[in-house]
Every structure is written in structure tokens, then in C-alpha cells.
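Enquirer: This is the structure I want to talk about, given as C-alpha cells.
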Amino acid sequence: MEYFAHESAIIDEGCQIGEGTKIWHFSHVMPNCVIGERCNIGQNVVVSPGVILGNNVKIQNNVSLYTGVECEDDVFLGPSMVFTNVTNPRSGVNRRDQYAKTIVRKGASIGANATIVCGHDIGEYAFIGAGAVVTKTVLPFALVVGNPARQIGWMSEFGHRLEFNAEGKAICPESQQEYKLENGFVVRM
């Protein structure tokens, strides 16, 4: 089995879909998409032309990925979250030549009902809280919440909040991985 698509899903010609990927009920994968291996595309998902998904991307129900979006490996997209692709849309003005690119880096998670305004990348292992409206670039490992989204902390690769000591070090309670906070950036040690 190369990939699985439910009989109600629509897969347009010209898509590349990796082995082990599953595409569920009423989803539409449009032309010229690249979808990696072992992805899970939930019910009622739209993947617009030219979208790129890495391996092991998990997309929950009712998500819209518009042209200009790229998700690296191990990205999680929560239920009903959405990406935009034009900063000033108007029904009567064609701006298809103005689509802005948004990259979601490896391991990032975006919560339910969050909105990512186009042109703002999401850093590796960042964690976007449910309902957040992201209007600027998000740093790697950052935890952001609210509307507009603001950073309130840092997260480990395993999705746990990091508590840094006076020396700027933190340990993930699940993986025991060590992290360092230096000059406003987190790195795994």
C-alpha cells in the first residue's frame, strides 16, 4: 500500500503522496501538492495547490492549508486551525500573485482554532496555543497564546513547559533532555 485515501476524499492529478499516508473523509488534495510519508490528513481538510508537507505531519479535522504553506517533518495542526495566504484579501481584487509563504518548522504544534497570518514562520518545536492568532514570526521552542499571540514561555521537544534555573538551564520532565536559554533563544544541549 503506497497511501490510503477514503473513497469520499478527492485527490487531484499532479500530487505526490508518500507511503503510509492516510487521507480521510471529504478531504481535498489539490494539484501539485507534495505530501510526505506517514502523514495523517483528517476529515474535511483542504490542501491547496503547491502546499508542501514533510513526513509524519498530523492534520486534524477541518483544517485549511492554503497555497504558500510548507510544513516540515513532525508538525501537528490542531482541529479547525487555519493559515491565511494574502494579507489584505478582497473579493473583487485578484491577489493570486501576492501569496505570502509561511513555513512551519520541524516538530511545531499549532492548537485548535488557531490562525496563522501569512508570512510569519513558526520555529522548530514551537507550541501555538488553541485559539491563538499569530501575527509575527515565532521563535523555536516558544510557547505563544492569545490574540494577538504573545510568547509566555518555552516548550521542550516533547511538549512540556520548560522552567529555566538561574544558570539558564532546564530539563524536560519526560525525556530528560537538557535545554539552555541564552540571549533570548533556547537550544537543546
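The values are calculated or read from the model by the stated rules, or taken from the named source; none is laboratory data. Since the structure is predicted, the reported quantities are computational estimates derived from the model, not experimental observations. FYI the Cβ positions are ideal-geometry reconstructions off the backbone, even for glycines, and counts take in every protein chain you see.
Enquirer: Here is a list: Lys169, Lys136. Which entry is farther than 17 Å from Phe76 by Cα and more than 18 Å from the chain's Cα centre (by Cα)?
Expert: Numbers: Lys136 fails: more than 18 Å from the chain's Cα centre (by Cα).
One residue alone meets the criteria, Lys169.
Enquirer: Something else: Please state which one of Asn85, Asn56, Asn113 is without any contact (Cβ under 8 Å) to a residue 24 or more places away in the chain, assigned to a loop (DSSP other than H, G, I, E, B) and assigned by TED's automatic domain parsing to the domain that holds Cys15. Before the answer, list the steps.
Expert: Working: Asn85 fails: without any contact (Cβ under 8 Å) to a residue 24 or more places away in the chain; Asn113 fails: without any contact (Cβ under 8 Å) to a residue 24 or more places away in the chain.
It is Asn56.
Enquirer: Glu37 - would you say it is acidic (Asp, Glu), free of Cβ contacts under 8 Å to residues at least 12 places away in the same chain and in a loop (DSSP other than H, G, I, E, B)?
Expert: On the way: acidic (Asp, Glu): yes; free of Cβ contacts under 8 Å to residues at least 12 places away in the same chain: no; in a loop (DSSP other than H, G, I, E, B): yes.
Judged against the criteria, Glu37 is not a match.
Enquirer: Under 18 Å from the mean Cα position of the chain (by Cα), of a type in the set (A, V, I, L, M) and under 16 Å from Asn61 (Cβ atoms): which single residue out of Ile23, Ile35 fits that description? Before the answer, list the steps.
Expert: Working: Ile35 fails: under 16 Å from Asn61 (Cβ atoms).
Exactly one residue qualifies, and that residue is Ile23.
Enquirer: Only one of Leu77, Leu143 is surrounded by 14 or more Cβ atoms within 10 Å (Cβ to Cβ) and in contact (Cβ under 8 Å) with a residue 24 or more places away in the chain; which?
Expert: Numbers: Leu143 fails: in contact (Cβ under 8 Å) with a residue 24 or more places away in the chain.
Exactly one residue qualifies, and that residue is Leu77.
Enquirer: Ok, one more. Among (1) modelled with pLDDT of 95 or more; (2) assigned to a loop (DSSP other than H, G, I, E, B), there is one condition Lys22 misses while meeting the rest; what is its number?
Expert: Checking Lys22 against (1) modelled with pLDDT of 95 or more; (2) assigned to a loop (DSSP other than H, G, I, E, B), the one that fails is (2).
Enquirer: Here's something else I'd like to know. Closer than 20 Å to Gly159 by Cα, hydrophobic (A, V, I, L, M, F, W, C) and in contact with a His (Cβ under 7 Å, 6 or more places away or on another chain) - does that describe any residue in region 89-109?
Expert: no
Enquirer: Within region 108-129, track down each residue that is surrounded by fewer than 23 Cβ atoms within 10 Å (Cβ to Cβ) and under 17 Å from Leu65 (Cα atoms).
Expert: Ser109, Gly111, Ala112, Asn113, Thr115, Val117, Cys118, Gly119, His120, Asp121
Enquirer: Then there is this: Output the residues belonging to region 164-173 that are farther than 15 Å from Phe141 by Cβ and among the charged types (D, E, K, R).
Expert: Answer for region 164-173, where residues must be farther than 15 Å from Phe141 by Cβ and among the charged types (D, E, K, R): just Glu167.
Enquirer: Check off (1) under 25 Å from Thr137 (Cβ atoms); (2) surrounded by 16 or more Cβ atoms within 10 Å (Cβ to Cβ) for Arg95 and give me the number that stays unchecked.
Expert: (2)
Enquirer: Quick one: Thr67 ticks every box in (1) within 28 Å of Phe185 (Cβ to Cβ); (2) crowded, with 17+ Cβ neighbours inside 10 Å except a single one, so which number is it?
Expert: Condition (1) is where Thr67 drops out.
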